[in-house]
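To start, the structure itself, in structure tokens.
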Amino acid sequence: MTPRHRTDHPAVLLIHGGLWEDGMDADRFWAAPGIAAGLEHVGFAVLAPNRLQHPSSWDAEVEHLAPVLPGQSVSVVAGSNGCSVAVRLALAFPDRIERLLLAWPATAADPAVDSRTRIRLTGLGASEQDIRTLLDGQTLRGVTDEELATLRMPISVLPSDPENPFHQRKTVDALRRLLPHIEELPGCPEPPRPDFSPHLAPFLASVTKTIRQ
């Protein structure tokens, strides 16, 4: 999806979920469910780039997305595994990121989930080194809790409701313990699940209110 940006409107960078998943891109995660258009409708300049399809590391993803950052500060809305990219981007460019919204953060360090993900990545041709790099982490993949605790910009978290093995409630609780200033928003299913559709309007309302605070 080509990033769309108008400098006369506040900028929002959307970072989609997925990890080495064919067909998972910005269009499927943000455009098809109506999120990108909904944010544009209420006056945001939306940037929705595609992440790397087969990244070797989270730092490689940051290097890929860094050129998309606009000249002014930007609010970042990230989904699922995109939350790891967003946090690493905020750590690399703290003065460029005005606010973070971590939606449906992917659960890290869960043996059952990591085992399933490892098998899938191996089947897709990922090297053992790349798999270790991508799965390594504490509360979030690719980030240490010590690094997370250094973030000072306003941060919100939106849980998956209902939770599922890949987006567990314990991840949200851990983020709230690490970042006492974090704000929790009402949860909903993650896109592009078909049960997200009825939650589009309240999700957009929550995101809009949070970014405009």
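Since every read-out is calculated from the coordinates, none of them should be taken as a lab result. Owing to the predicted nature of the structure, the values given are computational and were not obtained by experimental measurement. Virtual Cβ from ideal backbone geometry, glycine too; neighbours counted across all protein chains shown.
Miscellaneous remarks
- The stretch 173-186 residues that are within 12 Å of Ala149 (Cβ to Cβ), paired with ones that are of a type in the set (Gly, Ala, Ser) and surrounded by 14 or more Cβ atoms within 10 Å (Cβ to Cβ) (beta carbon under 7 Å, 6 or more apart): Ile182/Ser156
- Of the candidates Val172, Val143, Val207, the single residue that is in contact with a Ser or Thr (Cβ under 7 Å, 6 or more places away or on another chain), surrounded by 15 or more Cβ atoms within 10 Å (Cβ to Cβ) and not basic (Lys, Arg) is Val143.
Here is a yes/no grid of residues against (1) surrounded by fewer than 16 Cβ atoms within 10 Å (Cβ to Cβ); (2) touching a residue at least 24 places away in the same chain (Cβ under 8 Å); (3) out of contact with any Lys or Arg (no Cβ under 9 Å at 6 or more places or on another chain):
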{"site": "Arg28", "(1), (2), (3)": "no, yes, yes"}
{"site": "Ser56", "(1), (2), (3)": "yes, yes, yes"}
{"site": "His64", "(1), (2), (3)": "yes, no, no"}
{"site": "Leu69", "(1), (2), (3)": "no, yes, no"}
{"site": "Gln72", "(1), (2), (3)": "yes, yes, no"}
{"site": "Ala78", "(1), (2), (3)": "no, yes, yes"}
{"site": "Ser84", "(1), (2), (3)": "no, yes, no"}
{"site": "Ile97", "(1), (2), (3)": "no, yes, yes"}
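- Residues that are in contact (Cβ under 8 Å) with a residue 60 or more places away in the chain, out of contact with any Asp or Glu (no Cβ under 8 Å at 6 or more places or on another chain) and among the aliphatic types (A, V, I, L, M), drawn from the stretch 125-160: Ala126, Leu134, Val143, Leu148, Leu151
- Among (1) within 17 Å of Leu13 (Cβ to Cβ); (2) touching an Asp or Glu at 6+ places or on another chain (Cβ under 7 Å); (3) of a type in the set (Ser, Thr, Tyr), the one test that Ser56 misses: (1)
- Hits in the stretch 168-205 (condition: closer than 19 Å to Ala109 by Cα and part of a helix (DSSP H, G or I)): Arg169, Lys170, Thr171, Val172, Asp173, Ala174, Leu175, Arg176, Arg177, Leu178
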